[in-house]
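Coordinate-derived values only; no laboratory data. Predicted, not measured: the structure shown is a model, and the values here were computed from it. All Cβ positions, even for glycine, are placed from backbone atoms using ideal geometry, and neighbour counts span all protein chains on display.
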């Protein structure tokens with residue numbers, strides 16, 4: 001069975017990863033509430049899973065709201081930076097970004113990316129079957145010791161402010177990193193290696 005693939009994310013980094021893997025897809029990124037309850041914030045992996053499911057579920061609702069007929073895979077993802085149990089999201093401002101980078105300096109932290117994959121099969125508008133599975137992948141990231149000047153210079157590059165943890169490993173933020181254990185793609189925001197391994201229907205759609 002051939003599936004259409006929908007990415008429920010506006011992230012250019014996730015789009016780039018899918019494109020580089022040769023996966024044909026369209027984008028359907030709905031606005032979702034990304035706020036979390038205190039219990040969720042205390043569990044970074046579960047928080048990422050919940051947000052990934054929320055993003056994918058919103059796109060599924062949008063698709064099914066127009067009497068969809070066909071076979072579809074919807075993929076939602078969310079990434080959180082976990083520094084000793086504290087979730088670092090996108091910084092609110094420059095001071096918040098400095099706070100995060102100071103905390104990450106000289107330490108190993110975890111980056112958790114959750115992926116929620118929903119499969120829809122609708123031979124007609126009245127007969128719809130739906131299933132989903134959500135997993136998370138974790139990469140350990142070791143930061144160099146950062147002097148205050150290092151932090152100031154990096155923030156001046158302007159790439160911190162829409163990135164969880166206030167850095168981009170795929171950009172100039174790579175210079176802040178001493179090493180990683182795990183998939184680099186997880187840190188960027190989409191563990192493509194695990195997606196292709198665990199979902200053969202997606203891997204089969206690759207353009208070789």
Bins of 5 Å, starting at 0 and running to the largest distance - Cα pair percent for the range 4-203:
1, 8, 16, 19, 18, 15, 10, 6, 4, 2, 1, 0, 0
With the crude spin-label approximation of a point 7 Å out along Cα→Cβ, what separation in nm comes out for residue 127 versus residue 41?
4.8
Taking the chain as a Gaussian network, where each spring joins two C-alpha atoms under 10 Å apart, which residue of 126, 19, 178 fluctuates the most?
126
I need the P(r) histogram for the range 99-208: all alpha carbon pairs, bin width 10 Å from 0 out to the longest distance, whole percents.
13, 35, 24, 16, 9, 3, 0
Sort 190, 25 so that the residue with the fewest other Cβ atoms within 10 Å of its own Cβ comes first and the one with the most comes last.
25, 190
Using 1/(1 + (r/R0)^6) with R0 = 30 angstrom and r between the beta carbons of residue 66 and residue 15, what's the FRET efficiency to the nearest 0.05?
0.85
Which order do the peptides 110-116, 194-200 come out in when sorted by mean C-beta neighbours inside 10 angstrom, highest first?
110-116, 194-200
Quickly work out the residue 157-to-residue 107 label distance, labels modelled 7 Å from Cα along the C-beta direction, and quote it in nm with one decimal.
2.1
Okay, helix-only estimate at 222 nm for the chain: each DSSP H run of n ≥ 4 adds -39500 (n - 2.57), divide by all residues, round to 500 deg cm²/dmol; what do you get?
-9000 deg cm²/dmol
Any chance you could give the angle, 0 to 90 degrees and rounded to 10, that helix 44-64 forms with the longest Cα principal axis of the chain?
40
